[in-house]
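The values are calculated or read from the model by the stated rules, or taken from the named source; none is laboratory data. All figures in this text were calculated on a predicted structure; none of them were measured in a lab. FYI the Cβ positions are ideal-geometry reconstructions off the backbone, even for glycines, and counts take in every protein chain you see. Surface areas here come from the heavy atoms of the whole protein model, side chains and all, with no ligands, DNA or RNA. Shrake-Rupley method; radii C 1.70, N 1.55, O 1.52, S 1.80 Å.
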Amino acid sequence: MAAPPLAAEPPLVRPDSSRLSRRLPVLAGGLAVTYTGLLYGLSKGWYTGERSSFHWFNDLPEWKQMDKVGHFWGAFHESRGAVDMLRWAGVPERRALWYGGFVGFLLQSPIELLDGRDPAYGASASDLAANFLGSAGLIGQQLAWGEVRLMPKYSFHTTSYAARRPNVLGRSLAEQHLKDYNGQTYWLCADVGAWLPASSRWPRWLQPAVGYGAQQMLFNDPDANAAAGLNAYRQYYLSFDIDLRHIPTRSKLLRRVFYVASIFHLPAPALEWNQRRGFVMRGLYY
């Protein structure tokens with residue numbers, strides 16, 4: 001008796017192919033619309049003056065490098081979001097990392113074209129370097145640990161300096177978030193629990209944090225700043241952070257809210273050091 005014919009093997013289908021075909025166009029379209037809107041908003045909200053021919057300008061010594069830290073922070077989180085969205089769309093892990101990892105650099109670098117045509121600014125090589133380092137910082141952690149363990153974060157408070165020079169430091173609250181470096185603080189938060197044994201009781205949502213900021217920056221020029229009675233100085237902070245990503249919840253909505261909110265440092269007690277006053281204890285700082 002002849003053996004029954006073998007059933008034909010089903011075609012090899014990648015597990016994520018269906019999800020990829022459905023979600024990738026949505027992702028690409030959303031990114032294009034969002035980025036176009038961002039550039040349009042910047043062109044109307046920030047670059048409102050005259051235009052000049054494209055030129056370069058070395059702004060590394062200015063603003064106590066707060067803007068460079070901001071470029072790093074922005075590129076890091078744009079790359080982080082891109083990698084995770086590509087994973088969501090079904091792109092294989094390695095491709096998601098490499099395709100999405102440099103999205104922050106690619107998104108932020110064209111802004112130098114706008115800067116380069118602004119007579120008060122100019123395209124900045126150090127901005128491009130900070131953009132690159134932000135994306136590379138995300139890629140490096142994913143390659144080393146498969147996750148983000150050192151998270152750059154941002155906090156902001158309003159200051160009196162913006163009212164003294166609103167055309168540069170911002171008129172509205174939204175503009176001040178971007179322009180008033182006196183009110184910005186950038187943090188690096190460490191997921192200590194990720195390095196501890198699984199038996200450790202350290203809560204992964206509780207993370208030590210170091211911060212960097214600066215004050216009395218009304219003008220870039222030290223002489224102009226001194227004429228206004230100011231002398232810019234740096235600030236360093238030691239605090240802790242609550243990483244919302246590690247707060248247990250079954251709610252998909254809350255998980256998404258926590259994911260977005262994890263780019264910000266929540267108010268917490270902090271120990272500040274600066275060369276003016278030495279150590280200063282802050283009861284609640286943000």
| Rg and Dmax of the range 120-263, using alpha carbons, in Å: what are they? | 18.7, 59
| field | Sulfur and carbon atoms: percent of accessible area, the chain [1.4 Å] | value | 65
| Counting alpha carbon pairs within less than 8 Å and at least 6 residues apart, what relative contact order, in whole percent, applies to the range 163-286? | 19
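Highest mean first, what order results for 82-88, 171-177, 194-200 on Cβ atoms within 10 Å?
82-88, 171-177, 194-200
Quick one: net charge of ALA261's neighbours, Cβ under 13 Å, K/R +1, D/E -1? Provide the component values of the computation, followed by the final result.
Details: positive: LYS153, ARG245, ARG255, ARG256; negative: ASP241, ASP243.
Result for the local shell: +2.
How high is the relative contact order of the chain, in percent, counting Cα pairs under 8 Å that sit 6 or more residues apart?
Relative contact order of the chain: 14 percent.
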| request: Round to a whole angstrom and tell me the spacing of the C-alpha centers of the range 114-168 and the range 209-239. | output: 17
| message | At a threshold of 8 angstrom on Cα-Cα distance, excluding pairs fewer than six apart, so keeping six or more, what relative contact order does the range 55-138 reach in percent? | response | 46
| task | Take the Cα radius of gyration of the chain and divide it by 2.2 N^0.38 Å, with N its residue count; two decimals is plenty. | result | 1.22
| said: At 1.4 Å probe size, what's the solvent-accessible area of TYR40? Round to the nearest 10 Å². | reply: 140
| message | Ordering GLU78, GLU93, GLU272 by accessible area with a probe of 1.4 Å, largest first, what comes out? | response | GLU93, GLU78, GLU272
| query | Using the heavy atoms of the protein chains alone and a 1.4 angstrom probe, what is the accessible area of the chain per residue in square angstrom? | reply | 57
